[in-house]
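Report on the following structure.
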């Protein structure tokens, strides 16, 4: 079968490979699920791996099959699989168990292992292939009504983890009733964060660089959010205009904005970080004393989110279904740049390499057609 892979450590090495089609007996105890890949989403992680910034091949291979934002249809199941059946649409989680105590109890996304296992990223082949086989333990069923947007579930799971963790942390307050949220950055994660917060009834204010007229702003405001360009209104001034924010979800990829966000955070507020920033950027003129004082006296929290476990994928399905019910077609508007056929993978990477200049919200490869 065909698959899209890179040679880790070699820049711009993305290429098509032929590899054996997997079989369900690769999974022990009759728990195998074979999936025909339908769609693979592309993101900055794939671009960065292709730029040789990170990525590790599985043992015995000199290449790594890419693709962690997956969506497919079950074509075969093992004798002991009850969760899904042939014909079901599914998405698979990404992180696999290591050896830490968190891995042992099923919290793979919280591992403390230095060596970790993620499909399409680290030490396990990804899903950017015509078929894949996975244990039913890691497979999440997608309702037929969400099949057009199922490829958005993996990034949605990262959002869900951040928001749910915020509530888990603030259980310490006994009573926490957040009402106002800010989302910094309006790429795919920021758009999905806005959606998830709106589904919880938040008054959401989203911020991006681009000024109106702007497609992302139109899409966000169509579900009741407010959009502002940071060229016109900084997050600090926004806190004064709208009121300080109980939750701030950062998804910009620009680390200096975190310090402004800290100052715009309400008492008992939670700042959720989702950007994985590289480089060695230094920032001067930080109001360090003011930030420190406000966090100590205001019971504020900052937490990161990445690599969600199965529970957060399930929560993502629920929010996506709710959104589709309340705002039919909204999620489909995020799927702006389709690429037809696995053999046209280079088109996907051309879009990813352009970043925001491409105008894409979410680019994806349609590996095989939806039925």
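When 1/r is averaged over all different Cα pairs and the result inverted, which Kirkwood radius in Å belongs to the range 118-213?
Radius from the Kirkwood sum: 16.2 Å.
What fraction of the Cα pairs in the range 262-311, stated in percent, has a spacing above 18 angstrom?
Everything past 18 Å amounts to 48 percent.
Show that you can apply the helix-only estimate: for the chain, add -39,500 (n - 2.57) for every DSSP H stretch of four or more residues, divide by all residues, and state [θ] at 222 nm to the nearest 500.
Numbers: 10 runs with 101 residues, N = 371.
About -8000 deg cm²/dmol.
Taking every DSSP beta bridge that has both residues in the chain, what percent is antiparallel when rounded to the nearest 5? Could you put the intermediate results ahead of the total?
On the way: 31 of 60 bridges.
Antiparallel bridges make up about 50 percent of those DSSP assigns within the chain.
Against the globular-protein guess of 2.2 N^0.38 Å, express the Cα radius of gyration of the range 79-168 as a ratio, rounded to two decimals.
1.18
When only C-alpha pairs under 8 Å and at least 6 residues apart count, what is the relative contact order of the range 213-300, in percent?
26
Can you pull the Rg over Rh of the range 1-132, Cα-only, Kirkwood?
Rounded to two decimals, Rg over Rh is 0.97.
Taking other Cβ within 10 Å of each residue's Cβ, how do 262, 191 sort, fewest first?
Ranked by crowding around the Cβ, least crowded first: 262, 191.
Kindly put 231, 362, 354 in sequence by how many other C-beta atoms sit within 10 Å of each C-beta, fewest to most.
Numbers: 231 10, 362 24, 354 13.
With the sparsest Cβ surroundings first, the list reads 231, 354, 362.
For the range 1-75, what is the convex hull volume of its Cα atoms per residue in Å³?
104
Inverting the mean 1/r over all pairs of different Cα atoms, compute the Kirkwood radius of the chain and quote it in Å.
Evaluated on the chain, it is 21.3 Å.
What are the semi-axes of the equivalent ellipsoid for the range 317-367, taken as the square roots of 5 times the Cα gyration tensor eigenvalues, largest first, in whole Å? Don't skip to the answer; put the middle values down first.
Numbers: eigenvalues 129, 34, 11 Å².
Ellipsoid half-lengths, sorted descending, are 25, 13, 8 Å.
Report the relative contact order of the chain, percent, no decimals, based on alpha-carbon pairs under 8 angstrom and at least 6 residues apart.
The value is 18 percent.
For the range 205-246, what are the per-bin percents of Cα-Cα distances with bins 5 Å wide, up to the bin holding the maximum?
Binned Cα distances yield the sequence 6, 25, 31, 23, 14, 1.
If I take every Cα pair under 8 Å that is 6 or more residues apart in the range 157-304, average their sequence separation and divide by the length, what percent do I get for the relative contact order?
23
How compact is the range 157-304 by the rule of thumb for globular proteins, expressed as Cα Rg over 2.2 N^0.38 Å?
0.98
Round to a whole angstrom and tell me the spacing of the C-alpha centers of the range 32-58 and the range 257-332.
Each part's Cα centre sits 24 Å from the other's.
If each Cα of the range 224-371 is one equal point scatterer, what is log10 of I(q)/I(0) from the Debye formula at q = 0.11, 0.12 Å⁻¹?
Values, matching the q order: -0.63, -0.74.
Grab the beta carbon distance between residue 168 and residue 297, set R0 = 25 Å, and tell me the FRET efficiency rounded to 0.05.
My answer for the efficiency is 0.65.
In nm, to one decimal, how far is the residue 371 label point from the residue 289 one, both placed 7 Å along Cα→Cβ?
6.8
With 10 angstrom as the radius, rank 141, 174 by how many other C-beta atoms surround their C-beta, starting from the fewest.
Details: 141 14, 174 6.
Placing the least packed residue first, the sequence is 174, 141.
Every number here is computed from the coordinates shown, using simple stated rules; none is lab data. Since this is a predicted model, take the numbers as computed values, not measurements. When we count neighbours, we look across all protein chains shown, and the Cβ atoms used for this are built from the backbone with ideal geometry, even at glycine.
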